[in-house]
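Working notes, beginning with the structure itself.
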Amino acid sequence: MFENYPKKRSVLPKEIAAIYESHYASNRSGRTAAASLSQRLERWMHRQVAADVRVKREEMGATLEIGAGNLNQLKFEPHSTIYDIIEPAAFFYQDSPELGRVRHIYNDISEVPTEARYDRITAIAAFEHICDLPQVVARTGLLLTENGSLRSAIPSEGTFLWTLGWKLTTGLEFRRRYKQDYGILMRHEHVNDANEVRTVLQYFYQRVQTTVLGLSRGISIYQFYQCSQPYLARCRDFLGIS
């Protein structure tokens with residue numbers, strides 16, 4: 001199973017590679033009209049992931065966020081105190097006003113100590129980007145406390161509604177601004193579609209609950225997954241851990 005992993009990311013043309021970091025910094029900070037609209041819609045994902053914090057403020061333990069980017073999830077979680085992140089691109093978070101709230105920063109999930117345990121592992125618009133997603137999800141299962149959960153929100157990559165949405169907003173703005181095809185950048189970034197993400201989550205977790213922003217998984221913009229009760233033996237076997 002998962003013989004197509006780890007995936008290989010497509011190579012960006014030099015014209016797009018040259019503006020890659022500046023575009024993402026601009027996009028994540030909502031500096032353009034399309035980016036601002038996108039961020040307003042993305043609040044749904046952030047709120048879904050943070051819903052457990054709002055319900056159980058006094059009981060919150062440690063959180064590990066995968067693909068933390070510019071740390072914009074933290075403003076949705078003012079009561080989260082022990083907060084570690086995984087983010088290989090320092091340019092995203094280095095100027096964030098939330099950086100002081102972060103305890104540990106890791107470049108990769110393999111750097112997280114095996115004895116570490118988290119009540120929550122979160123990922124917002126991250127799993128669609130990860131080339132070796134099964135390896136990452138398997139490790140989350142081993143890093144959770146007994147009653148912990150993996151909370152992941154993703155765009156509905158691979159569906160008509162999601163594709164139409166970015167083509168009519170960010171895609172048009174990107175072509176007007178850079179004279180380049182945004183679809184090339186999307187294919188470079190989104191190596192996993194929504195169905196692939198769901199398949200991986202269901203393989204490593206016994207309990208996978210789904211909420212969508214839309215009518216169904218096939219007709220939606222975003223999807224949220226709350227995963228608990230990992231198959232620990234399956235996680236260990238996949239990672240080659242005895």
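Points worth noting:
- In segment 1-34, the residues that are closer than 29 Å to residue 74 by Cα, surrounded by 16 or more Cβ atoms within 10 Å (Cβ to Cβ) and either at pLDDT 90 or above or more than 17 Å from the chain's Cα centre (by Cα) (or both): 19, 23, 30, 32, 34
- Residue 103 being modelled with pLDDT of 95 or more, of a type in the set (D, E, K, R), exposed (fewer than 14 other Cβ atoms within 10 Å of the Cβ) and not in a helix (DSSP H, G or I): yes
A quick yes/no check of all residues on (1) surrounded by fewer than 18 Cβ atoms within 10 Å (Cβ to Cβ); (2) not in a strand (DSSP E or B):
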{"position": "80", "(1), (2)": "no, yes"}
{"position": "84", "(1), (2)": "no, no"}
{"position": "97", "(1), (2)": "yes, yes"}
{"position": "113", "(1), (2)": "yes, yes"}
{"position": "123", "(1), (2)": "no, no"}
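- Helices (runs of 4 or more DSSP H) (entirely within segment 125-222) containing at least 3 residues that are out of contact with any Cys (no Cβ under 7 Å at 6 or more places or on another chain) and surrounded by fewer than 17 Cβ atoms within 10 Å (Cβ to Cβ): 160-168, 170-178, 182-189, 194-204
- Evaluation of residue 169 against (1) of a type in the set (Val, Ile, Thr); (2) farther than 29 Å from residue 3 by Cα; (3) within 15 Å of the chain's Cα centre (by Cα) (one fails), failing number: (3)
- Just one of (1) touching a helix residue (DSSP H, G or I) at 6+ places or on another chain (Cβ under 6 Å); (2) under 23 Å from residue 89 (Cα atoms) fails for residue 183. It is (1).
- Flag if residue 213 is modelled with pLDDT of 95 or more and farther than 23 Å from residue 9 by Cβ: yes
- Residue list for segment 41-81, filter: β-branched (Val, Ile, Thr), closer than 18 Å to residue 117 by Cα and at pLDDT 95 or above: 63, 66
The values are calculated or read from the model by the stated rules, or taken from the named source; none is laboratory data. Since the structure is predicted, the reported quantities are computational estimates derived from the model, not experimental observations. In this analysis, Cβ positions are derived from the backbone assuming ideal geometry, glycine residues included, and neighbour counts consider all displayed protein chains.
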